[in-house]
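Beneath this line is the structure, given in structure tokens, with notes to follow.
The values are calculated or read from the model by the stated rules, or taken from the named source; none is laboratory data. Please read these numbers as outputs of a predicted model, since none were measured by experiment. FYI the Cβ positions are ideal-geometry reconstructions off the backbone, even for glycines, and counts take in every protein chain you see. Only protein heavy atoms, including side chains, enter the accessible area calculation; ligands, DNA and RNA are left aside. Shrake-Rupley method; radii C 1.70, N 1.55, O 1.52, S 1.80 Å.
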Amino acid sequence: MDIDKMDKKELIDKISDEIISKLKKTSFSDNLSFKSDLGNKNIQDSSGDCQIQINTPADLAPYIDHTLLKPDATEVQVQKLCEEAVQYNFCTVCVNPSWVTYCARKLRGTGVKVCAVVGFPLGATDSRTKAYETRNAIENGAGEIDTVINVGALRNGDLKTVEADLRAVLTACRNTTTTKAIIETCLLSDEEKVIASQLVKKVGYNFVKTSTGFSTAGATAHDIALIRRTVGPKMEIKAAGGIRIYEDALLMIRSGATRLGCSASVKIVSV
């Protein structure tokens, strides 16, 4: 590869083609360490160091962000979200920024954290706005931040902008803040998913997250396996969007996810 004679886009395309070529040599299904029988609930997920054992549906609860991001969510609904999170031992409640203060107050002392979304759901706000949203959410009680990347910049090959955007949000976080970057997989090619995941890892986020749940599709086992192979065994992955039943959740964990974003959380863990 003569790097000196390539422009930036050509170099990105070449590297992406080589990564995808290597990934395609092995079937995505080879990344899954489970039998097809869903009755076998003992799971060792494909994330290597992040091993998760699921023996009952209730065992999924600590890996779930109990989610309510509808624009018309009411106080009654958000209160119920918090109560369910405590009752079922979910990891967090995931809410829009305007509800962070309310949820932080309701959940104080319970062990359930508040996760706030940033630049949601399009990722198209500028970096300064995302950074402000992040600081404000953390000051109001958010312990986790899920930010949407600049998807358009990524698809345009402008990786400098994508990286700067990610860094702006990360800089606004505290050392104790858990950070997740939503790459919106349904809008990306496999090559772009690989590039996005590599950038998220490079910048230093805790999680790559698949989806907002507000675009054309949500998480798939294919995408989780692809991301896992890209980021390696130690980085965490959040599957979100379209996970509505226990079998869906189980498949995401088996494919390599270490966190799930669900609005049907109670149904999933109550099978």
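Mind checking which residues of region 63-79 are part of a helix (DSSP H, G or I) and under 15 Å from the mean Cα position of the chain (by Cα)?
Across region 63-79, the qualifying residue is only 63.
Go through the residues of region 170-179 one by one and say whether even a single one is among the hydroxyl-bearing types (Ser, Thr, Tyr) and assigned to a strand (DSSP E or B).
Within region 170-179, one or more residues are among the hydroxyl-bearing types (Ser, Thr, Tyr) and assigned to a strand (DSSP E or B).
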Which of the residues that make up region 69-123 are within 22 Å of residue 206 (Cα to Cα) and touching a Ser or Thr at 6+ places or on another chain (Cβ under 7 Å)? 90, 94, 112, 113, 114, 115, 118, 119, 120, 121
Name the residues in region 169-202 that are aliphatic (A, V, I, L, M) and within 18 Å of the chain's Cα centre (by Cα), would you? 169, 170, 181, 182, 183, 187, 188, 194, 195, 196, 199, 200
Positions within region 206-242 being of a type in the set (Lys, Arg) and closer than 17 Å to residue 262 by Cα, in sequence order: 209, 238
Selection within region 158-186 - of a type outside the set (Lys, Arg), more than 21 Å from residue 145 (Cβ to Cβ) and without any contact (Cβ under 8 Å) to a residue 24 or more places away in the chain: 158
Residue list for region 165-187, filter: open to solvent by 10 Å² or more (accessible area, probe 1.4 Å) and of a type outside the set (Lys, Arg): 168, 170, 171, 172, 173, 175, 176, 177, 178, 186, 187
Here the residues within region 59-75 that are open to solvent by 60 Å² or more (accessible area, probe 1.4 Å) and in contact with a helix residue (DSSP H, G or I) (Cβ under 9 Å, 6 or more places away or on another chain) are 63, 70, 75
Scanning region 217-271 for residues that are open to solvent by 20 Å² or more (accessible area, probe 1.4 Å) and among the acidic types (Asp, Glu) gives 236, 247, 248
